[in-house]
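Nothing in this text is a laboratory measurement; each read-out follows from the coordinates by a stated rule. Fair warning: this is a prediction, and the values are worked out from it, not measured in the lab. Heads up, the Cβs are rebuilt from the backbone with ideal geometry, glycines too, and the neighbour counts pull from every protein chain shown.
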Amino acid sequence: MSTPGARKTLLTAAAAAILLAGCDGSVGGTASPNTPSSPASSPTSANPFASRDQCTLLDKTLAGKGFPKATPSVAQPQRSCTSQKPSVGTVRGMNVGLFLQEGRAYDENVSNPGTARGGKVNNRPSIEQPEPLGTSGQCSITMAVAPQSRAILDVESGSDTTGACQTAEDLATKLEPLLPPA
């Protein structure tokens with residue numbers, strides 16, 4: 001991938017993955033260092049995503065929307081995928097990423113609690129975060145998955161934050177039924 005948009009997608013996915021994995025905190029709380037769990041103490045069956053492929057889920061979510069097949073992200077390929085629809089004429093391109101994170105609550109790592117909006121996607125607890133990395137045109141929706149896990153859908157669309165959030169909401173509604181129970 002040598003286009004500026006592809007590089008931006010990869011950098012955005014990498015930054016989001018690092019940001020989301022780096023600290024613990026709640027919507028109203030402050031960040032504190034992450035305390036990783038021991039791999040030996042967490043059996044594979046505790047991972048609600050063990051039987052789900054993040055790229056397949058993203059492809060199903062984006063079906064019929066003109067996106068190419070999703071590919072694993074550079075930052076965390078075993079847990080995240082991205083797809084980029086390039087700009088065509090006056091139609092702005094869009095980048096969409098899906099991150100499946102076991103052992104992390106949906107309300108952890110909210111980068112800007114002042115702009116975060118709690119809510120539900122098809123009755124599943126969620127948090128919508130406009131401009132999660134401080135750049136206009138981005139929006140993330142994090143949905144609860146039991147036990148203490150989450151699915152994060154990121155959308156980037158030029159500099160239109162409102163449009164990115166609307167798209168994220170629409171895609172999250174389509175993704176939600178494909179996820180394990182909340």
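Using only Cα atoms, figure out Rg for the range 51-182 and give it as a multiple of 2.2 N^0.38 Å.
Its radius of gyration relative to the 2.2 N^0.38 Å reference: 0.97.
Give me the dipole magnitude in Debye, nearest 20, for the range 34-182 about the Cα centre, with unit charges on the beta carbon: positive for Lys and Arg, negative for Asp and Glu.
Charge dipole, the range 34-182, about its Cα centre: 300 debye, nearest 20.
Which percent of Cα-Cα pairs in the range 118-182 sits in each 10 Å bin, short to long?
25, 52, 21, 2
Sequence neighbours fewer than 8 away in the same chain don't count; with that in mind, list the aspartates and glutamates whose C-alpha is under 19 Å from K65.
Within the straight-line limit of under 19 Å, K65 reaches these aspartates and glutamates: D154, E156, D160, E169, D170, E176.
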